[in-house]
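Engineer: Sharing a structure below in structure tokens format, with a few things to ask.
The values are calculated or read from the model by the stated rules, or taken from the named source; none is laboratory data. Predicted, not measured: the structure shown is a model, and the values here were computed from it. Note that we place each Cβ from the backbone using ideal geometry, even for glycine, and neighbour counts take in every protein chain shown. These accessible areas exclude ligands, DNA and RNA; they are computed on the full protein's heavy atoms, side chains included. Shrake-Rupley method; radii C 1.70, N 1.55, O 1.52, S 1.80 Å.
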Amino acid sequence: NWTHGFVIPLFSLYLIYSRWGELRSAPRRVCPWGLAILVFAILLSIVAYWPIRTHWLAHAGMLLMVFGLVLYLAGPRVIRATWLPILFPIFAMPLPERLYAQIAVPLQELAARATAGLLRLFAVGIEIKASSLRVLGRSGEWHSLTVAEACSGMRALMAFVALGVAMAWLEDRPLWQRLVMIVLAVPIAVASNCIRVALTCAMYAI
């Protein structure tokens, strides 16, 4: 589900390159707030492993350590040009299982309902129960299908959001347009997955 994560560090490098001129011209100075953030991030990572036992929080703590270290050694002007490239790898980190399930299961059911609605528009016989579908083929045979966890659209959702954030950083546009670009990544990803599932089910009806 997180195979897109392998290219996220490359995006981070490109995001740094895109602000290279600003980064080189930024004045450097030691910032004590960075040291405070660094110490907090270290403690967060320790607590995340025990007693919280949440790997995602521990991994996020590592990014926060880098953020605090850069802020401490280079100052706020440098962190202004590098904060997103530093934190961007968070999109490569698998979500906690419980949170993942809370997002994926509703997406599975949404994809199933959207598929049923789309196919009924074309007079295709279809029955739905939660994320399970039964599609009536031309031969009169019913085909049982399930919108599995892998078809929930989580892959596309995380990849689209990461791409939306990267594009908002790179595009020289007003803030509201950048926010719209990020927010629209969610419905576009969900709609794309629903269409993909509907086309797959339509193959059984032909």
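Engineer: With the structure loaded, tell me whether ILE42 is in contact (Cβ under 8 Å) with a residue 60 or more places away in the chain, surrounded by 13 or more Cβ atoms within 10 Å (Cβ to Cβ) and under 25 Å from ALA81 (Cβ atoms) or whether it fails that test.
Structural biologist: Answer is no for this residue.
Engineer: Scanning the range 1-38 for residues that are among the polar types (S, T, N, Q) and open to solvent by 70 Å² or more (accessible area, probe 1.4 Å), which turns out nearest to the chain's Cα centre (by Cα)? Spell out the reasoning first.
Structural biologist: So the first thing to find is which residues in the range 1-38 are among the polar types (S, T, N, Q), and the list is 1, 3, 12, 18, 25.
Right, trim to open to solvent by 70 Å² or more (accessible area, probe 1.4 Å) and you get 3, 25.
On the way: THR3: 12, SER25: 32 Å.
So the residue we want is THR3.
Engineer: Just to be sure before I move on: is THR82 within 26 Å of the chain's Cα centre (by Cα), surrounded by 19 or more Cβ atoms within 10 Å (Cβ to Cβ) and hydroxyl-bearing (Ser, Thr, Tyr) in the structure I sent?
Structural biologist: Criteria met by THR82.
The rows are residues; the columns are (1) of a type in the set (Val, Ile, Thr); (2) closer than 30 Å to SER131 by Cβ; (3) free of Cβ contacts under 8 Å to residues at least 24 places away in the same chain.
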{"site": "ARG19", "(1), (2), (3)": "no, no, no"}
{"site": "TRP33", "(1), (2), (3)": "no, no, no"}
{"site": "TYR49", "(1), (2), (3)": "no, no, yes"}
{"site": "LEU73", "(1), (2), (3)": "no, no, no"}
{"site": "ALA101", "(1), (2), (3)": "no, yes, yes"}
{"site": "ALA114", "(1), (2), (3)": "no, yes, no"}
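Engineer: Moving to a separate point now. Take the range 137-171 and flag every residue that is open to solvent by less than 60 Å² (accessible area, probe 1.4 Å), within 21 Å of ALA112 (Cβ to Cβ) and either in contact with a Phe, Trp or Tyr (Cβ under 9 Å, 6 or more places away or on another chain) or outside any helix (DSSP H, G or I) (or both).
Structural biologist: GLY137, HIS143, LEU145, VAL147, ALA148, SER152, GLY153, MET154, MET158, listed by residue number.
Engineer: Another one. So is VAL147 touching a His at 6+ places or on another chain (Cβ under 8 Å) and farther than 29 Å from MET167 by Cα or not? Before you say what the answer is, go through the steps one by one.
Structural biologist: Details: touching a His at 6+ places or on another chain (Cβ under 8 Å): no; farther than 29 Å from MET167 by Cα: yes.
It is false that VAL147 is touching a His at 6+ places or on another chain (Cβ under 8 Å) and farther than 29 Å from MET167 by Cα.
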